[in-house]
Amino acid sequence: MIDKIIKRDGRAVPFEKEKIIMAVLTAAIAVGGRDKQTAEKVTDDVLARLEPREHPESYPTVEEVQDIVEKSLIERGHARTAKAFIIYRYEHALKREGKESLTYSSENIPYKKLWLALSWGVDNECVLLSHIKKIIEEGRFGELVRVSEEFYQGELNNATRAIMERINELKIIIVSGPSSSGKTTTTTKVGDYLKKQGYSLVTLNVDNYYFDLKDQPQDTNGDYDYETPQAIDLELLSRHMRDLLNGETVRIPYYNFKTGNREGISRELSLGEKDILLIDSLHGMFEEMTGGIDEQKKIKLYIETLSQLKDTNGRFVRWADIRMMRRMVRDMQYRNYSPRQTLTHWHYVRRSELRYIISRISQADVIVNSFFPYELPIMKHRLGQYFPGFYDEFKDDIDRDDAFQRSRRVQEIFREIPAWADESLVPDDSLLREFLGGSCYSY
């Protein structure tokens, strides 16, 4: 029998079954239920999962108990109660951190977006990887595609509303976020919407401003670190933006990713009266990129794969691992990079993201969640064959521990879900087509 529980401050206090019952019942009451007997059954589930502990002398933590309550509610089919319980947890977490309530906060910052993602997952019975497996086994993969695409469209609608509220003062729209989050497609869709409103988005492709590969730093393994903002000719880029806003015509360079060189001029560019300059870049919110331009003339969109899926052990699927898989698929098709090269280079990607991109998320005016739960079975079909080899190759290589840990985690994801080969269900205007190919958009 469990007789103690570890609180968040590390204290061991008496374990009280009644507190779990009341927490579940409170969540049920919030959505119109008052069945204490059901709350007791859920609590019995929790105790049954807690008691066979690996170390009998150890005590469960508050977080561990709450994770199991959440899982038990979902597995018993009490989705609405689970949703209320998730809100309860997040509200109390915010209170402990001195942050505003999820329910009443008007700030568009990550914790609120995470709650929305959790809420969507509960409403659509897609909180665990095992739920994706069940959806496929029940022949409902097409339905998962549909509701996932609808969720992203809702995110996009929020972004375009925010833009239209400031349209009279805007001169630049910045779409930023970490690698393979879906910035390019989001940018294209925003442009299509604004065109219908009588405005034209003029895209300034920041990728054309990379320095030549020979001028990028190279490590002892021969890999280049071109993930930092300093890999871009920021001085030239910033000057071109100022010139465009001043009504001048600029000559945009062309960068060839296959040769790793800037090669001549891609086009001449100028802005008309109803043109808005659009910047689609990893480092769009890096200060030096748009330095000297009035902040009131910019709106900043931040894109991220805010997955709230968990595995059978209650661990969240990592956003960066999702994006790495996307980039592997894209790199094979468009950038002459093998999955192995993408994997071993990814530590540069993450280092730059953490230093220059993710740390600036609070500067965003709008955050767009670009994760599609249905993409994971497709990624397994595309990439599953590679990861056992990566795991074996890097498991004893201390210099490639990052690649080993990522290959291990992806294999664990793939073990819990079936592969899905039929990509015809993915709409041709889907953000995922940016990586899979077959898009109606030109990239």
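The values are calculated or read from the model by the stated rules, or taken from the named source; none is laboratory data. Because the structure is a prediction, the values reported are computed rather than measured. Ideal geometry is used to build each Cβ from the backbone, glycine not excepted, and the neighbour counts take in all protein chains shown.
Miscellaneous remarks
- Residues of segment 280-309 classified as at pLDDT 85 or above and small (G, A, S), total: 1
- Boolean, V145 is aliphatic (A, V, I, L, M), assigned to a helix (DSSP H, G or I) and within 30 Å of H345 (Cβ to Cβ): no
- Residues that are acidic (D, E), in contact with a helix residue (DSSP H, G or I) (Cβ under 9 Å, 6 or more places away or on another chain) and under 21 Å from L156 (Cβ atoms) occur at least once in segment 300-314.
- For segment 338-353, a tally of residues being at pLDDT below 90 and either surrounded by fewer than 16 Cβ atoms within 10 Å (Cβ to Cβ) or not in a helix (DSSP H, G or I) (or both) returns 1.
- Looking across segment 362-376, the residues that are part of a helix (DSSP H, G or I) and surrounded by fewer than 22 Cβ atoms within 10 Å (Cβ to Cβ) come down to S362, Q363.
- The number of residues in segment 252-270 being surrounded by fewer than 16 Cβ atoms within 10 Å (Cβ to Cβ), among the charged types (D, E, K, R) and over 29 Å from the mean Cα position of the chain (by Cα) comes to 3.
- Candidates K134, K196, K183, K214 - the one that is crowded, with 18+ Cβ neighbours inside 10 Å and basic (K, R): K183
- Scan of segment 155-180 for residues that are out of contact with any strand residue (DSSP E or B) (no Cβ under 9 Å at 6 or more places or on another chain) and surrounded by 23 or more Cβ atoms within 10 Å (Cβ to Cβ), ordered by number: S180
- Checked against the criteria, K113 counts as basic (K, R), at pLDDT below 95 and assigned to a helix (DSSP H, G or I).
- Residue count, segment 280-318 (criterion: basic (K, R) and within 30 Å of H131 (Cα to Cα)): 3
- Check on G291, over 19 Å from G177 (Cα atoms) and surrounded by fewer than 16 Cβ atoms within 10 Å (Cβ to Cβ): no
- As a summary of the residue check, Y254 satisfies the conditions (1) in a strand (DSSP E or B); (2) out of contact with any strand residue (DSSP E or B) (no Cβ under 9 Å at 6 or more places or on another chain) except for the one numbered (2).
- The one condition in (1) modelled with pLDDT of 80 or more; (2) surrounded by 11 or more Cβ atoms within 10 Å (Cβ to Cβ); (3) in a loop (DSSP other than H, G, I, E, B) that G33 fails to fulfil: (1)
- Residue among I173, I132 that alone is part of a strand (DSSP E or B) and within 21 Å of the chain's Cα centre (by Cα): I173
- Qualifying residue in segment 279-289 (condition: without any contact (Cβ under 8 Å) to a residue 12 or more places away in the chain, in the same structural domain as D215 (by TED's automatic domain parsing) and closer than 30 Å to E63 by Cα): no
- Residue within segment 129-149 that is under 21 Å from N313 (Cα atoms) and in contact with a His (Cβ under 7 Å, 6 or more places away or on another chain) present: no
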